Each structure stands twice: as C-alpha cells, then as structure tokens.
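Asks: Sharing a structure below in structure tokens format, with a few things to ask.
The values are calculated or read from the model by the stated rules, or taken from the named source; none is laboratory data. For clarity, every value in this text was computed on a predicted model and none was experimentally measured. Because the Cβ atoms are built from the backbone with ideal geometry, glycine has one as well, and the counts that use them run over all protein chains shown. What goes into the accessible areas is simple: the full protein's heavy atoms, side chains included, and nothing from ligands, DNA or RNA. Shrake-Rupley method; radii C 1.70, N 1.55, O 1.52, S 1.80 Å.
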Amino acid sequence: MLAEKKAMFAIPVIKVRLPEHEALKEQYLPEMLRRYEVGDFEKPEFWETDRVHSSFSTPIKNAVINSMPPPYQKLISDYVHAEKFTVHVWHNVYWRNNEYQERHHHIPDHLSLIHFLAFDPTEHKPPVFYDPARQIKAYCAHNALAKDMFEELAVQEVGGSDKAQIEVDEGDVLIFPSYLEHRVPSGEYKKPRVTVSMNVTLFTHTS
C-alpha cells in the first residue's frame, strides 16, 4: 500500500540580511561595549539568569538605542502591516563572563526580531529554538507505533528534533513569532557577541 506523509503546521522563522548593518554597528556598538565594561545595566526583573548584560529593563531615555533607527523601521514595515503597534528595542552583550539567557518566550508580544550586531560564527553560538509541540509529540511517539511515522518527518524540520539552531552571520536578522521559545547558550568569548532584539506588539483595531 502506498503512503504519503507530510509535515504540517510549520513555524515561520525568517532570516534576512540587513543592508545598513555596518552603519548601525559603527553607530551603536562602541557605546554598548563601553557600558558592558562598566557594568551599566541591572539584571531584568523575572529573568532567571545570574549572568547577563542586557538593556531590556532600561528606560528608553537611558538606552543606547533611544529612538527607532530608520533601518529597523523599514524592516518592521515589511512584515507588520498594522496601523497601530509598539516596538520594544533592547540589546544584549555576551562576552567574557559566560553570559546566557534561559529558555523563554516573548508572549504577549506578537513578532520578535534579533539583529546580530557583532557575531562571529566560528566562535559564537546562535540561539536555540524549541518546538512548541514537543511535549505532545513526545507523548505520541509511542514505541508501539511505527518508528518511521515520526522519524521521517523529523528530518524535514530544521534540526530534526525538538530543538533547532539556525546558522547566522553578523548582519543577519531572525524574525519569528513571539510564542517561539528560545535560549542563548552560555559562552566566554574572545570577541563580544552583541544582539539587538525587538518585540512588536499589535493592537486590535476598534471603531
């Protein structure tokens, strides 16, 4: 009997190259690294990690990026077609102290972006993403069911398991739904790993 299997309900993760990357890096990276050196930021409330350098909870007036850069505005406009929304921008530095961030999501936001402002793929680790349906899939993958029922579909997915990493380079931006759990593995690096993250929150239109 012929059988055809297909993977359904794929999760969209978009990788784009930001043309204005070098200008943004030149404008913002030196100040981000200066603030890292002086320990300018406190740990964001509710974050579990005890090794972090993030401007997540910093008031916008005190942040390195204290107004939305036009390249980010243009990028967001390509993917968000709403009349009303807000964007939260912050940066993270992972460098000498085994900085990391635990597994988390960005709910109740709707769309999230990560710009890899300083990133060397020969040294730095990309974020790890987790399949939202991993618990259900684990329950259904019973040893009494045909193994290829799940295994052959898994190889069609990035990573082929309940977690995945997407190869990125400096200047890339990952765009993904905010419900998608992810983490940043710890690392002690010779070069700084710096990201700019954005959360987009949409509002329901009411007349």
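Asks: Do any trypsin sites (Lys or Arg not before Pro) in segment 84-127 lie in a DSSP loop with no more than 12 other beta carbon atoms within 10 Å, and if so, which? Could the numbers behind the result be given before it?
Replies: On the way: sites: K84, R96, R103; in loops: K84, R96.
Loop-located and lightly packed - K84.
Asks: Here's a follow-up. When the Karplus curve 6.51 cos²θ - 1.76 cosθ + 1.60 is applied with θ = phi - 60°, which whole-Hz ³J(HN,Hα) does each residue of segment 128-144 get, with x for Gly and Pro?
Replies: 9, 9, 10, 5, x, 9, 4, 5, 5, 5, 5, 5, 7, 7, 6, 5, 8
Asks: Using only alpha carbons, build the gyration tensor for segment 78-142 and give me the equivalent ellipsoid semi-axes, biggest first, whole Å.
Replies: On the way: eigenvalues 130, 112, 26 Å².
Sorted largest first and rounded, they come to 25, 24, 11 Å.
Asks: Roughly speaking, to the nearest percent, how much of segment 1-93's 1.4 Å accessible area is carbon and sulfur?
Replies: On the way: 3500 of 6520 Å².
Here it works out to 54 percent.
Asks: Accessible area per residue of segment 44-108 at 1.4 Å probe, in Å²? Write out the running numbers ahead of the final one.
Replies: Details: 3800 Å² over 65 residues.
Ligands and nucleic acids excluded, the result is 59 Å² per residue.
Asks: Still on this structure, please answer the following. Give, in nm to one decimal, the length gained when the segment between Q165 and E188 is fully stretched (0.36 nm per residue of separation minus the Cα-Cα distance). Intermediate results must be reported in sequence, preceding the final value.
Replies: On the way: separation 23, 0.36 × 23 = 8.28 nm, distance 1.91 nm.
Gain on extension, Q165 to E188, equals 6.4 nm.
Asks: Follow-up. Can you list the lysines whose alpha carbon sits under 23 Å from that of K125, skipping same-chain ones fewer than 8 residues off?
Replies: Filter leaves K15, K25, K43, K163, K190, K191.
Asks: Please give the charge dipole size of the chain, origin at the Cα centre, charges +1 on K and R Cβ atoms and -1 on D and E Cβ atoms. Round to the nearest 20 debye. Walk me through the numbers before you get to the answer.
Replies: On the way: 23 positive and 30 negative charges, 30 e Å.
Dipole of the chain, to the nearest 20 debye: 140 debye.
Asks: Per residue, what volume in Å³ does the Cα convex hull of segment 1-76 take up? Don't skip to the answer; put the middle values down first.
Replies: Values: hull volume 15.3 nm³, N = 76.
Hull volume normalised by residue count: 202 Å³.
Asks: Same structure, new question: If you take the charge dipole of the chain about its Cα centre, with +1 on Lys and Arg Cβ and -1 on Asp and Glu Cβ, which of S186, H53, Y28 is farthest toward its positive end?
Replies: In the chain, that residue is H53.
Asks: I've got another one for you. Which loop GluC sites (Glu not before Pro) in segment 25-62, with loop taken from DSSP, have no more than 14 other Cβ atoms within 10 angstrom of their Cβ?
Replies: On the way: sites: E26, E31, E37, E42, E45, E48; in loops: E42, E45, E48.
Answer in residue order: E42, E45, E48.
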